[in-house]
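The values are calculated or read from the model by the stated rules, or taken from the named source; none is laboratory data. Keep in mind the model is a prediction, meaning the values are calculated, not measured. Every residue, glycine among them, receives a Cβ derived from its backbone with ideal geometry; neighbour counts consider all protein chains shown.
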Amino acid sequence: MYQISSLTNEQSTHCKQQYSSKKRVLEAISELLSEGQKRLSPNKIFEILLSRERLGSTALGKGIALPHGRIGNIEKPIIAILTLETGVDFEAPDEQPVDIIFALLVPIECNEKHLQLLATLASLFNESDFREKIRGASEPIDIIQTLESADNIDAN
């Protein structure tokens, strides 16, 4: 199983951003997912994430959304992280605005890994302490370190 912290980096993590809509958030997260990925277009990623959102909101509740999809041209999953100053409507089941977005792309053939990663992320976000550390982060390195800590706990 992948360690969550190994699937992202500081370049694909932005803190305390300001966006006015779900669409703008998905555009921004698509840009972050394409960072350093020469074979990935932000527009293609946006289409994939938007198509998935049309099937049903990827908001979990408690201010968290996990937009995700499968795509060719990558060898391992990638994650981009975005926190917002002010939450946006993501059609969450609890009707709360979303201010933490963890976007996940996996290789097209990775059905089982895709589901495992989503389950791992959902489990992490069930923990209020984890949510608050991510929410309180003012720099990308703070989020990366929080993920590393969570990976270390899971490894034990």
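Quick check on my filter: what residues within the range 41-58 are out of contact with any Pro (no Cβ under 7 Å at 6 or more places or on another chain) and either outside any loop (DSSP other than H, G, I, E, B) or under 13 Å from residue 114 (Cα atoms) (or both)?
Selection gives 42, 43, 44, 45, 46, 47, 48, 50, 51, 54, 55.
Scan the range 106-147 for residues that are farther than 22 Å from residue 63 by Cβ and surrounded by 13 or more Cβ atoms within 10 Å (Cβ to Cβ) and report the count.
7
Counting just the residues of the range 12-62 that are of a type in the set (A, V, I, L, M, F, W, C) and farther than 22 Å from residue 137 by Cβ, which one comes out surrounded by the most Cβ atoms within 10 Å (Cβ to Cβ)?
45
Is it the case that residue 99 is acidic (Asp, Glu) and closer than 17 Å to residue 5 by Cβ?
It is false that residue 99 is acidic (Asp, Glu) and closer than 17 Å to residue 5 by Cβ.
Take the residues in the range 63-82 that are buried (at least 18 other Cβ atoms within 10 Å of the Cβ) and β-branched (Val, Ile, Thr), then tell me which one is farthest from residue 13 (Cα to Cα).
Here the residue is 71.
Does at least one position in the range 8-31 carry a residue that is among the β-branched types (Val, Ile, Thr), modelled with pLDDT under 95 and outside any strand (DSSP E or B)?
yes
Which one of the conditions (1) free of Cβ contacts under 8 Å to residues at least 60 places away in the same chain; (2) closer than 18 Å to residue 114 by Cα does residue 80 fail to meet, given that it meets all the rest?
Against the list (1) free of Cβ contacts under 8 Å to residues at least 60 places away in the same chain; (2) closer than 18 Å to residue 114 by Cα, residue 80 comes up short only on (1).
Where in the range 69-156 are there helices (runs of 4 or more DSSP H), lying fully within it, with 1 or more residues that are hydroxyl-bearing (Ser, Thr, Tyr), at pLDDT 90 or above and more than 26 Å from residue 21 (Cα to Cα)?
It comes to 140-155.
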